[in-house]
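Have a look at the structure below, then the notes.
The values are calculated or read from the model by the stated rules, or taken from the named source; none is laboratory data. Note that the coordinates shown come from a computational prediction; the quantities given were computed from them, not determined experimentally. Virtual Cβ from ideal backbone geometry, glycine too; neighbours counted across all protein chains shown.
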């Protein structure tokens with residue numbers, strides 16, 4: 001019988017309670033090399049967090065800037081407001097910027113969330129999202145969607161596009177899938193062995209992701225990129 005649950009989800013939930021450990025695992029040991037710092041700083045070219053109201057929706061335990069308001073459905077460390085992204089307790093046109101990083105895939109109807117983002121943004125405000133493309137199943141607690149660049153543009157069709165580019169590179173996508181594939185191949189359908197092998201190959205293969213430093217700017221890297229980011233503006 002096909003397993004449709006993520007056995008790592010309960011582990012990830014516990015680790016998220018320790019932001020420093022979770023950040024280390026995500027940025028170093030995970031199969032994906034996110035160009036996070038440079039990517040996030042792109043939104044700061046449009047908005048100054050010291051002068052503008054910016055919310056990070058689906059923030060998890062990460063705080064990107066002291067002046068950015070963290071919103072999440074779970075009570076993690078560094079979360080300022082606990083709320084569901086489909087119905088946020090904020091006034092219409094009350095924020096200058098919205099950040100949402102690799103969390104929309106966990107929502108079964110992300111179009112409703114995009115409508116909510118549009119409602120919250122002031123005219124002339126900016127949205128920054130990052131969404132997965134080539135990525136293994138990772139429930140939190142569910143996992144529904146993947147997007148091509150065309151799909152991302154369609155999802156953000158109410159906004160005026162400013163930038164769309166690779167967020168997690170092609171090697172990251174490869175390492176993620178290869179880790180899963182090797183664990184499947186060598187576990188002989190023995191679930192405990194599969195879990196052990198998945199962890200083993202994660203620890204062995206993660207350094208390969210840094211090859212994305214060479215590939216991230218390749219003109220065709222979007223064909224098998226792990227994820228993309230989008231920056232858009234609410235039209236005035």
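Some observations on this one:
- Residue in the stretch 56-73 that is in contact with a helix residue (DSSP H, G or I) (Cβ under 6 Å, 6 or more places away or on another chain) and over 27 Å from residue 148 (Cβ atoms) present: yes
- Of 234, 195, all but one fail to be farther than 12 Å from residue 134 by Cβ, touching a residue at least 24 places away in the same chain (Cβ under 8 Å) and buried (at least 19 other Cβ atoms within 10 Å of the Cβ); the exception is 234.
- Failed item, numbered, when residue 152 is tested on (1) within 16 Å of residue 222 (Cα to Cα); (2) buried (at least 16 other Cβ atoms within 10 Å of the Cβ); (3) without any contact (Cβ under 8 Å) to a residue 12 or more places away in the chain: (3)
- Among (1) in contact (Cβ under 8 Å) with a residue 60 or more places away in the chain; (2) over 21 Å from residue 198 (Cβ atoms); (3) under 16 Å from the mean Cα position of the chain (by Cα), the one test that residue 61 misses: (1)
- Residue check, residue 181 part of a helix (DSSP H, G or I), in contact (Cβ under 8 Å) with a residue 60 or more places away in the chain and within 30 Å of residue 11 (Cα to Cα): no
- Among the candidates 42, 23, 16, the residue that is touching a residue at least 24 places away in the same chain (Cβ under 8 Å) and in contact with a helix residue (DSSP H, G or I) (Cβ under 7 Å, 6 or more places away or on another chain) is uniquely 16.
- Which listed residue is surrounded by 14 or more Cβ atoms within 10 Å (Cβ to Cβ) and either under 19 Å from residue 156 (Cβ atoms) or within 15 Å of the chain's Cα centre (by Cα) (or both), from 115, 72: 72
- Considering 86, 50, the condition of being at negative phi and out of contact with any helix residue (DSSP H, G or I) (no Cβ under 7 Å at 6 or more places or on another chain) is satisfied by 50 alone.
- Residue check for residue 176: surrounded by fewer than 16 Cβ atoms within 10 Å (Cβ to Cβ) and either closer than 27 Å to residue 150 by Cβ or in contact with a strand residue (DSSP E or B) (Cβ under 9 Å, 6 or more places away or on another chain) (or both): no
- Residue within the stretch 208-225 that is within 15 Å of residue 104 (Cβ to Cβ), touching a strand residue (DSSP E or B) at 6+ places or on another chain (Cβ under 8 Å) and not in a helix (DSSP H, G or I) present: no
- Of all the numbered requirements in (1) surrounded by 14 or more Cβ atoms within 10 Å (Cβ to Cβ); (2) in a loop (DSSP other than H, G, I, E, B); (3) within 14 Å of the chain's Cα centre (by Cα), residue 229 misses one, and that requirement is (2).
- Counting only strands (runs of 3 or more DSSP E) that fall entirely inside the stretch 76-171 and contain at least 3 residues that are over 13 Å from residue 229 (Cβ atoms) and touching a strand residue (DSSP E or B) at 6+ places or on another chain (Cβ under 8 Å), the qualifying elements are 95-101, 121-132.
For every residue, the table says whether it meets (1) at pLDDT 90 or above; (2) touching a strand residue (DSSP E or B) at 6+ places or on another chain (Cβ under 8 Å); (3) part of a helix (DSSP H, G or I).
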{"residue": "3", "(1), (2), (3)": "no, no, no"}
{"residue": "7", "(1), (2), (3)": "no, no, no"}
{"residue": "24", "(1), (2), (3)": "no, no, yes"}
{"residue": "28", "(1), (2), (3)": "no, no, yes"}
{"residue": "31", "(1), (2), (3)": "yes, no, no"}
{"residue": "39", "(1), (2), (3)": "no, yes, yes"}
{"residue": "47", "(1), (2), (3)": "yes, yes, no"}
{"residue": "51", "(1), (2), (3)": "yes, no, no"}
